[in-house]
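Take a look at the structure set out below.
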Amino acid sequence: MAISKKDRELLSLYQRSGSDLFLEETPQNRQSPSASSRITKRKHKRIASQQPVKSESYTERSASRIMADNSDNFQELCEAIKKFDGCEIKEAAINTVIYDGQVDAKIMVVGEAPGANEDEQGIPFCGQSGKLLDNIFKTIGLSRKENLFITNTVFWRPPGNRRPTPEEIDACRPFLEKMIFLLQPKLIIIVGSTAIESLLRIKSVSMNSLRTQNHLYSNCYLGSNTTEATAIFHPAYLLRQPAQKKAMWFDILKISKMIRPFISY
Ligand code: URA
């Protein structure tokens with residue numbers, strides 16, 4: 001469908017004014033003084049950064065690598081992520097969203113990026129798609145309270161919930177790589193195509209073929225060591241395409257077999 005010039009101008013105006021705020025899942029009292037000051041703050045930040053940065057400079061990207069290299073434990077890594085200023089989406093975000101769940105979990109779940117709820121609460125996958133993901137994992141005895149560690153490919157909400165750009169993914173990748181090295185999960189569950197792009201560096205391959213294969217993940221910190229990885233559909237996609245829940249059921253049964261050697265109930 002062609003978009004007229006007038007519509008495009010209107011959309012651009014909505015984008016510049018951060019009006020995606022009105023599309024949040026939970027209604028909020030916009031009349032309260034605290035809400036209005038928060039909205040004003042977010043609007044200004046959004047205006048400053050609503051366009052994705054086309055290319056980050058080499059120095060900015062290498063800054064995250066240096067900071068990840070210099071983090072000797074998980075605590076230091078989290079501090080480094082919070083301090084890192086080389087990813088433009090941080091400017092519009094309320095919180096740095098690093099992880100939820102158990103640091104000693106044998107299973108690491110990697111999603112795309114924080115959304116509006118996650119940005120507000122500072123917790124990954126705490127909105128509608130997170131609830132679906134929790135319910136899916138519950139069917140095979142997995143939960144963030146007991147045996148899952150959950151994170152994302154980027155640690156800040158991209159404005160308007162757009163996909164993170166390759167530059168934003170590159171800027172955050174060293175932290176994710178070091179996290180995997182420090183936490184040593186036995187299985188990485190890759191949630192959706194953006195996480196596949198970040199971890200496996202595979203682009204434009206159908207999700208259907210990737211989710212039915214198993215992968216061996218490695219990175220510069222792991223050296224020749226590899227970690228088993230498997231991909232599943234993103235829960236936000238399942239909310240849009242409920243018929244695909246059948247495929248998810250198939251994948252979750254496969255995962256239940258993969259985790260048998262190291263998960264006891
Ligand atoms: N979608 C994601 O990929 N990650 C989140 O944390 C929330 C929604």
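Nothing in this text is a laboratory measurement; each read-out follows from the coordinates by a stated rule. The model shown is predicted, which means the values in this text are computed figures rather than measured ones. Because the Cβ atoms are built from the backbone with ideal geometry, glycine has one as well, and the counts that use them run over all protein chains shown.
Taking the DSSP beta bridges in region 57-258 as the whole, what percent of them are antiparallel, to the nearest 5? Beta bridges within region 57-258, antiparallel portion: roughly 30 percent. Packing-based ranking of 230-243, 123-136, 247-260, 105-118 yields 105-118, 123-136, 230-243, 247-260, ordered from highest to lowest mean Cβ neighbour count within 10 Å.
Computed over region 57-258, relative contact order equals 23 percent, with contacts defined as Cα pairs under 8 Å that lie 6+ residues apart. Beyond 19 Å in Cα-Cα separation lie the following of the pairs K83/K145; K138/K254; K138/K203: K83/K145; K138/K203. Annotation: amide H-H contacts under 5 Å for Y217 (H modelled 1.01 Å from N, sequence separation of 5 or more, or interchain): T227, E228, A229.
On a C-alpha basis, how far is the centre of region 237-265 from the centre of region 165-213 in Å? Whole number, if you could? If we compute the Cα centre of each part, the gap is 18 Å. Only Cα pairs under 8 Å and 6+ residues apart enter the sum, and on that basis the relative contact order of region 101-170 stands at 50 percent. For region 57-258, the alpha carbon convex hull comes to 114 Å³ per residue, rounded to a whole number. Projecting the Cα atoms of L183, A229, N208 onto the charge dipole of region 57-258 (Cβ charges, centred on the Cα centre) puts N208 farthest toward the positive pole.
Shape of region 99-194 from the C-alpha gyration tensor: oblate (a/c of 1.5 or more and a/b not above b/c, with a ≥ b ≥ c the square roots of its eigenvalues). Exposure proxy for R173, R162: other Cβ atoms within 10 Å of each Cβ, ordered fewest to most, give R162, R173.
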